[in-house]
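Worksheet: the structure to be examined is printed underneath.
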Amino acid sequence: MNIGKYNFDLEKEPVIMGILNVTPDSFSDGGKFNNLDAALKHTEEMIKDGAKIIDVGGESTRPGAEFVTEEEEIARIVPVIQAIKAKYDVLISIDTYKTVTARAALEAGADILNDVWAGLYDGQMLALAAEKNVPIILMHNQKEEVYNDVTEDVCTFLSQRAQAALEAGVVKDNIWIDPGFGFAKNVQHNIDLLKGLDKVVALGYPVLFGISRKRVVDYLLGGNTQAKDRDQGTAALSGYAVSKGCQIVRVHNVDANRDIVKTISGIL
């Protein structure tokens with residue numbers, strides 16, 4: 001897979017995406033990296049620890065988070081993207097569902113679109129991905145925690161959104177999918193989806209696995225853990241995901257996940 005000057009063989013070596021939230025209210029690290037110096041320092045640490053992609057987000061997507069306007073979101077993410085690109089040789093994805101924000105991020109130097117609404121929010125994101133010929137991550141999301149069979153429903157949604165992307169002119173190699181752990185899913189839904197992860201992989205697109213520090217990790221660890229204490233549990237699930245065929249792992253703590261991802265992919 002080629003993204004600009006970067007080449008990845010995702011079949012042989014999964015890629016770690018490091019999370020950079022430049023927000024005041026993200027569930028795990030809100031307020032820690034929402035100034036430029038802190039964001040750059042954290043980016044440098046994640047690159048040193050093995051991140052190949054930095055996922056920049058300017059709006060929290062946790063349940064109940066406050067809506068952020070395009071203007072505010074752009075003001076948060078554009079200076080950070082520009083500064084990272086000026087200082088480091090790394091891919092950047094922009095975590096947004098708003099096409100106006102996404103376009104500003106690409107113009108600032110971002111390389112990948114990461115849309116938690118899979119192009120459904122304003123109906124223009126797929127066209128932007130096609131226009132700019134950039135990868136787009138299509139994540140499963142919906143308003144209610146209602147499923148007939150969570151894995152089958154997620155697979156149907158992702159297949160439909162991938163087809164919509166193709167029809168909008170996005171080339172197949174630029175379509176990645178994300179089953180959306182923690183989004184409109186209770187703990188049991190997430191566990192069932194983990195068990196059915198091979199079905200998501202079988203859809204034939206690179207799969208991004210994003211479960212870092214989420215509530216299902218707390219549940220599997222026995223409950224009552226703080227978000228920052230879930231990194232080992234996250235790493236265990238990252239290894240599991242790689243063993244099932246996921247090719248991109250999105251995490252807060254790159255160092256805690258690097259060796260297990262490398263080890264499992266080495267066995268495979």
Study note, to complete from the structure: So the FRET efficiency between D37 and K262, C-beta based with R0 = 30 Å and rounded to 0.05, is 0.50
Practice item. Using a 1.4 Å probe and counting only protein heavy atoms, arrange W117, W176 so the residue with the most accessible area comes first. Key: W117, W176
Check your understanding: About its Cα centre, how strong a charge dipole does the stretch 226-268 have in debye, to the nearest 20, once Lys and Arg get +1 and Asp and Glu get -1 at the Cβ?
Key -> 140 debye
Point to revise | the chain: equivalent-ellipsoid semi-axes (sqrt of 5 x gyration tensor eigenvalues, Cα, Å) | key: 24, 22, 19
Review point. Dipole magnitude of the stretch 57-180 about its Cα centre, charges +1 at Lys/Arg Cβ and -1 at Asp/Glu Cβ only, in debye to the nearest 20?
Key: 380 debye
Study note, to complete from the structure: Sorted list, accessible surface of protein heavy atoms, 1.4 Å probe, largest first, for D55, D37, D9, D218 is D37, D9, D218, D55
Review point. Mind checking the log10 I(q)/I(0) for the stretch 219-268 at q = 0.25, 0.33 Å⁻¹? Debye, one equal scatterer per Cα, no solvent, two decimals.
Key: -0.91, -1.28
Review point. So what is the 222 nm mean residue ellipticity for the chain from helices alone, if each DSSP H run of at least 4 adds -39500 (n - 2.57) and you divide by all residues, rounding to the nearest 500 deg cm²/dmol?
Key: -13500 deg cm²/dmol
**Study point:** Sorted largest first, extent of the stretch 57-188 alpha carbons per principal axis (Å)
**Key:** 47, 34, 26
Practice item. Place the peptides 138-151, 201-214 in order of packing, highest mean first, counting for every residue the other Cβ atoms within 10 Å and averaging per peptide. Key: 201-214, 138-151
Point to revise | Percentage, to the nearest whole number, of Cα pairs in the stretch 56-127 over 15 Å apart | key: 49 percent
Check your understanding: For the chain, modelled as a Gaussian network with Cα springs under 10 Å, which listed residue fluctuates most, L158, L126, L40?
Key -> L40
Point to revise | Gain on full stretching of the segment that runs from L221 to I191 - 0.36 nm per residue minus C-alpha separation | key: 9.5 nm
**Study point:** 10 Å binning of all Cα-Cα separations within the stretch 147-268, expressed as whole percents from 0 upward
**Key:** 14, 42, 33, 10, 1
Check your understanding: For the chain, modelled as a GNM with alpha-carbon contacts under 10 angstrom, which of G50, G18, G245 fluctuates the most?
Key -> G50
**Study point:** Out-of-range pairs (alpha-carbon distance over 19 Å; input K98/K172; K85/K172; K48/K85)
**Key:** K98/K172; K85/K172
**Study point:** Centre separation in Å (Cα based) which lies between the stretch 112-180 and the stretch 213-268
**Key:** 24 Å
Exercise for review: Can you tell me the dipole magnitude for the stretch 173-268 around its Cα centre, using point charges on the Cβ only (Lys, Arg +1; Asp, Glu -1), in Debye to the nearest 20?
Suggested key: 140 debye
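The values are calculated or read from the model by the stated rules, or taken from the named source; none is laboratory data. These numbers come from a predicted model, not from an experiment. So basically every Cβ, Gly included, is an ideal-geometry build from the backbone, and we count neighbours across all protein chains shown. Quick note on the areas: whole protein, heavy atoms, side chains included, nothing else; ligands and nucleic acids left out. Shrake-Rupley method; radii C 1.70, N 1.55, O 1.52, S 1.80 Å.
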